There are 2 protein chains.
Amino acid sequence: MSELSAVSGTPTATIKFYQREGLLPPSDKTAPNQADYGPAHVARLQLIRALLGVGKLSIAAAAEVIGSIDSAEPVLYTFEAAQNALSEHLDESDVTPDALAIVDAATTGWRVSPGNPGRLAAARVVDTFGALGQADEAGWFDRYAAAALLAAEADLDEIASRSGRDAQAETVVVGTVLGDALFSGLRRAAQEHVSSGRHPAPPHAASTRPNGAS
Amino acid sequence: MSELSAVSGTPTATIKFYQREGLLPPSDKTAPNQADYGPAHVARLQLIRALLGVGKLSIAAAAEVIGSIDSAEPVLYTFEAAQNALSEHLDESDVTPDALAIVDAATTGWRVSPGNPGRLAAARVVDTFGALGQADEAGWFDRYAAAALLAAEADLDEIASRSGRDAQAETVVVGTVLGDALFSGLRRAAQEHVSSGRHPAPPHAASTRPNGAS
C-alpha cells in the first residue's frame, strides 16, 4: 500500500478511507502484511480524484458512479447513474409547466423520458431566466439545444470508440463529469472570440491574435 | 423595507446583509424611518438569488459581478468580470503546455487572450482527461469547441437584442451564470435521445416518445 501511495501521490490514510467507503476495491491479500495493487488501482485513484475534484461529487455520489462502472449492467445504466449523481434531484413539481413546455419545444423530436434529470434541470433554468425578467428574443433555448445535441453526439461517438463494456462505462463517467467543465471553458473562450469580432477590442486585448496564426 | 421583504420573499435581515455587502444599493431615504424601494430593488434581489443559487457564487464574487453591471464600463468588461467570478483562478503554470496546445488547436482561428479563464479551464480538463488514461479518438475536443461557438453566438445575439448598456450588462451576467446550467441539462437530455437511437431501449424507457409527437 505504501507503494500505491507513492505512485499515485495519495496518502495511505486516504486510500484506506476510499476502501472503507467502497470507492476503491480491496487488494488481493497475498500475505498478512502484503497486499497486491496493480495499475488498475492507480487508475481508479485518478478517477476518484477527478470525480471529487473537477466533478465536485460527494463521496456517496462518487461511490454510486463507481459502482455503476463495476457492475455488469449495460452502459446505458452507467449513463443514468452518472447523470443522477451529477444532477440535483428535481421532480416535475419543482418547475413550472410553462418551463417544461419551453424545454420540450426546444428539444422537439428528441426521445427523452419525462424524469430525465437534464430535462428538469433545463426547465429550472428557464424558470430562473423568466424570474429575472429575461425574455428569449434570439432563440437562446433552441440554439443551446442544438449545441447540446452536437456535444451528446460527440460523447456517444467517443464512447463507441472504446473496446469493451468496462472501458465504455469508464468513458461514460469521465465524459459526463468532464464534459460540462470542458464546454463551460470553451464557451468562455468563444465568448471572447465572438465579442471581439463584433465590438471594438478593449486596449488590453491588442496583443491577442487568432489561434493558429503566426 | 418590510414591503420589499414581503414582495420579494426575502427576510429583512437578509436584505440588510446584502446592503452591507454592497450587493443591493441603498434606498433613497425619504424620511428617518421611511425608505423608498422600487421594482429595481425587487429585480436586483432576484438576480442576487440566482447568482448565489444556480450560479453558486460566493458573496464576494456576486458583489464583483453586480459591481460590473452598475459600473459605466463597456459591456465587454462585464463579460470579463462575470467570467472571472465564475471561473477558478488558474494560470498557465496550472496546466501543461500540451493541454494548452490541444485547446488552441481545437479553437484555431479564435481570437482569445492567453489568460482567458475559459482557455485555462479547458486545458485543465484536457490534462485531467489524459491523466485518466482517456484518448480523444472521435474528435471530442474539436466538436465541443464547435458546440461552444454555437452557444457563444447565441449568447451574443441575445445580448445584442437588449436595448441599452444596463440591460445588456444584466443579460451578460444572467447568460454567463445560467448558460452553463442550461447546456448541462440539455446535454443530459440529448445523451438519452442519442443513445436511445443507437442502443436498444432499456425496459423503463418504453413509455418515452419523441417530444412534439402526439
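The values are calculated or read from the model by the stated rules, or taken from the named source; none is laboratory data. Because the structure is predicted, anything quoted here is derived from the model rather than measured. Note: ideal-geometry Cβ built from the backbone for every residue, glycine included; neighbour counts use all protein chains shown.
Can you find a residue in the range A:134-144 that is charged (D, E, K, R), at the interface with another protein chain (Cβ under 7 Å from one of its Cβ atoms) and in a helix (DSSP H, G or I)? Can you show your working first?
Our first condition is that a residue be charged (D, E, K, R); within the range A:134-144, this holds for A:136-137, A:142-143.
Now narrow it down to the ones that are at the interface with another protein chain (Cβ under 7 Å from one of its Cβ atoms): A:137, A:143.
Among the residues that remain, those that are also in a helix (DSSP H, G or I) are: A:143.
Yes, the range A:134-144 contains at least one residue that is charged (D, E, K, R), at the interface with another protein chain (Cβ under 7 Å from one of its Cβ atoms) and in a helix (DSSP H, G or I).
Does A:G118 satisfy the criteria of being among the small types (G, A, S), surrounded by 22 or more Cβ atoms within 10 Å (Cβ to Cβ) and in a loop (DSSP other than H, G, I, E, B)? In short, no.
Counting only residues that are of a type in the set (A, V, I, L, M, F, W, C) and more than 20 Å from B:A147 (Cα to Cα), which one in the range B:161-180 is surrounded by the fewest Cβ atoms within 10 Å (Cβ to Cβ)?
Start the filter on the range B:161-180 by keeping residues that are of a type in the set (A, V, I, L, M, F, W, C), which leaves B:167, B:169, B:172-174, B:177-178.
Then drop every residue that is not more than 20 Å from B:A147 (Cα to Cα), which leaves B:167, B:169, B:173.
On the way: B:A167: 16, B:A169: 27, B:V173: 25.
In this case the residue turns out to be B:A167.
For the range A:41-56, filtered to residues that are of a type in the set (A, V, I, L, M) and modelled with pLDDT of 85 or more, the residue that is nearest to A:V7 (Cα to Cα) is A:V42. Within the range A:160-197, being farther than 28 Å from B:V172 by Cα and either within 7 Å of chain B (Cβ to nearest Cβ) or modelled with pLDDT of 95 or more (or both) holds for A:S161, A:T171, A:V174. Screening the candidates A:A101, A:A62, A:A148 for the property of being touching a Leu at 6+ places or on another chain (Cβ under 9 Å), part of a helix (DSSP H, G or I), at pLDDT 90 or above and over 28 Å from A:R44 (Cα atoms) yields one hit, A:A148. Just so you know, in the range B:71-88 the residues that are within 14 Å of B:V174 (Cα to Cα) and more than 10 Å from chain A (Cβ to nearest Cβ) include one that is surrounded by the most Cβ atoms within 10 Å (Cβ to Cβ), and it is B:T78. Of the conditions (1) under 20 Å from the mean Cα position of the chain (by Cα); (2) more than 10 Å from chain A (Cβ to nearest Cβ); (3) assigned to a helix (DSSP H, G or I), B:L57 fails just one. Which one is it? Only one criterion in (1) under 20 Å from the mean Cα position of the chain (by Cα); (2) more than 10 Å from chain A (Cβ to nearest Cβ); (3) assigned to a helix (DSSP H, G or I) is unmet by B:L57, namely (3). In the range A:6-20 there is no residue that is facing another protein chain (nearest Cβ under 9 Å) and either modelled with pLDDT of 90 or more or outside any loop (DSSP other than H, G, I, E, B) (or both). Taking first residues from the range B:151-166 that are closer than 15 Å to B:G179 by Cβ and partners that are of a type in the set (D, E, K, R) and buried (at least 16 other Cβ atoms within 10 Å of the Cβ), the Cβ contacts under 6 Å between residues at least 6 apart in sequence or on separate chains come to B:A151/A:R187; B:A152/A:R187; B:A154/A:R143.
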